[in-house]
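The values are calculated or read from the model by the stated rules, or taken from the named source; none is laboratory data. The structure presented is a predicted model; accordingly, all values stated were derived computationally and were not measured. So basically every Cβ, Gly included, is an ideal-geometry build from the backbone, and we count neighbours across all protein chains shown.
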Amino acid sequence: MTGVKERLPGAVVFDLDGTLVDSIWDLIDGLNVLMARVGRTSLDRDAVVMMVGDGLPKLVERAFLATGDLPKDSELADHVAWFADYYEANATARTQPYPGAVRALEGLRDAGVRLGVCTNKPAGATAEVLDKLDLARFFTAVAGGDTVPGRRKPDPAHLHHVLAGLDVSAARAVMVGDNHNDVGVARAAQVPVIAVSFGYAHGPVAELGADRVIDHFDDLIPALKDG
């Protein structure tokens with residue numbers, strides 16, 4: 001990857017769901033509580049994995065489309081608001097960092113690399129997850145899907161906002177994520193990108209177009225150094 005050979009980058013920006021943390025079961029549980037409230041059928045893991053990545057409103061919309069008709073806009077907005085409140089209150093019931101994630105963050109922090117989060121998850125739920133899992137201490141800049149008005153991944157303004165908070169240029173940064181939006185925002189912002197193979201990609205990770213794919217967080221720092 002351009003700009004990282006034989007040395008670590010100035011900053012590494014991470015996606016959250018499916019990259020730093022395995023949050024799928026809390027998302028499934030929250031969606032199924034919502035589906036039960038409105039008399040819809042429950043959703044399984046495979047279905048929800050394919051819905052994740054474009055923000056909470058789109059997640060709820062896809063859940064309704066998968067179980068029947070889409071409510072009218074005003075009703076859908078009410079359901080999105082209800083789910084947002086419910087999920088934020090229960091966002092870490094079963095969510096955990098992926099194996100090796102904390103060790104990798106510690107290694108990068110100790111090496112002087114600035115760390116950020118760029119996620120389409122709402123800022124409130126993002127803060128809840130980072131705080132409850134004791135991950136917030138690692139990050140200087142965090143942007144949720146509603147942090148930059150009207151902008152979220154793959155819009156490069158979302159990633160540029162995080163880089164500005166880190167005071168690191170795109171040329172000295174690397175994005176780490178698990179799906180098309182992460183690769184898309186990195187490409188749009190002209191930032192190298194590493195994809196993890198264990199997240200919630202909607203297809204083969206090898207086809208996302210990342211500069212490198214890793215299978216475990218123990219591989220991250222070597223990948224950043226080797227380029």
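Listed here are the residues, each with its yes/no results for (1) surrounded by fewer than 16 Cβ atoms within 10 Å (Cβ to Cβ); (2) closer than 17 Å to Asp17 by Cα; (3) in contact with a Phe, Trp or Tyr (Cβ under 9 Å, 6 or more places away or on another chain).
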position: His161; (1), (2), (3): no, no, no
position: Val176; (1), (2), (3): no, yes, yes
position: Pro192; (1), (2), (3): no, no, no
position: His216; (1), (2), (3): yes, yes, yes
position: Asp219; (1), (2), (3): no, no, no
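Being at pLDDT below 95 and in the same structural domain as Arg151 (by TED's automatic domain parsing) holds for only one residue in Gly203, Gly165, Gly184, and it is Gly203.
Exactly one residue out of Val117, Val102 is in contact (Cβ under 8 Å) with a residue 24 or more places away in the chain and part of a helix (DSSP H, G or I), and it is Val102. Screening the candidates Leu70, Leu108, Leu59 for the property of being assigned by TED's automatic domain parsing to the domain that holds Gly145 and either assigned to a loop (DSSP other than H, G, I, E, B) or crowded, with 19+ Cβ neighbours inside 10 Å (or both) yields one hit, Leu108.
Residues that are hydrophobic (A, V, I, L, M, F, W, C) and within 12 Å of the chain's Cα centre (by Cα) within region 160-183 comprise Met175, Val176, Val183, listed in sequence order. Within region 193-215, is there a residue that is of a type in the set (S, T, N, Q), in contact with a strand residue (DSSP E or B) (Cβ under 8 Å, 6 or more places away or on another chain) and without any contact (Cβ under 8 Å) to a residue 60 or more places away in the chain? Within region 193-215 (the criterion being of a type in the set (S, T, N, Q), in contact with a strand residue (DSSP E or B) (Cβ under 8 Å, 6 or more places away or on another chain) and without any contact (Cβ under 8 Å) to a residue 60 or more places away in the chain), the answer is yes, since at least one residue qualifies. Among the conditions (1) of a type outside the set (Gly, Ala, Ser); (2) surrounded by 15 or more Cβ atoms within 10 Å (Cβ to Cβ); (3) assigned by TED's automatic domain parsing to the domain that holds Val193, the only one that Trp82 does not satisfy is (3).
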